[in-house]
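Written out below as structure tokens is the structure these notes cover.
The values are calculated or read from the model by the stated rules, or taken from the named source; none is laboratory data. Just so it is clear, the model here is predicted, and its values are computed rather than measured. A quick note on method: Cβ atoms are made from the backbone with ideal geometry, for glycine too, and the neighbour counts reach across all protein chains shown.
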Amino acid sequence: MIATAEEVQRHLQERLQATRLEVLDESAAHAGHAGNPEGATFGTHLRVRIASPQFANVNRIAAHRLVYDACQGFLERGLHALAIEVVK
């Protein structure tokens, strides 16, 4: 089962103790493209805007890796694209 934006948001909040977090589902804009199994309109393309104290002493690439690592289970379930915006 593909994840919902709400499920990803709860998971990221728990894992990264986000001080600011927004998860936007952009899947509908990609319906019919590669990575959207059977024309899925949710849960395949997400945009994450996140701030976390865990990002305080790491560069942008390391911050993105923390988010990707936290989302690994969702990627295995069908999340195809994850756009990450680390905010201060």
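Of the residues making up region 25-71, those that are surrounded by fewer than 15 Cβ atoms within 10 Å (Cβ to Cβ), modelled with pLDDT of 95 or more and within 14 Å of the chain's Cα centre (by Cα) number 3.
Filtering region 72-88 down to residues that are more than 14 Å from Asp25 (Cβ to Cβ) and hydrophobic (A, V, I, L, M, F, W, C), which residue is modelled with the lowest pLDDT?
If we filter region 72-88 for residues that are more than 14 Å from Asp25 (Cβ to Cβ), which is where we start, we get 72-73, 75-77, 84-88.
Now drop any that are not hydrophobic (A, V, I, L, M, F, W, C), which leaves 75, 84, 86-87.
Numbers: Leu75: 90, Ile84: 97, Val86: 97, Val87: 94.
For region 72-88, the residue satisfying everything is Leu75.
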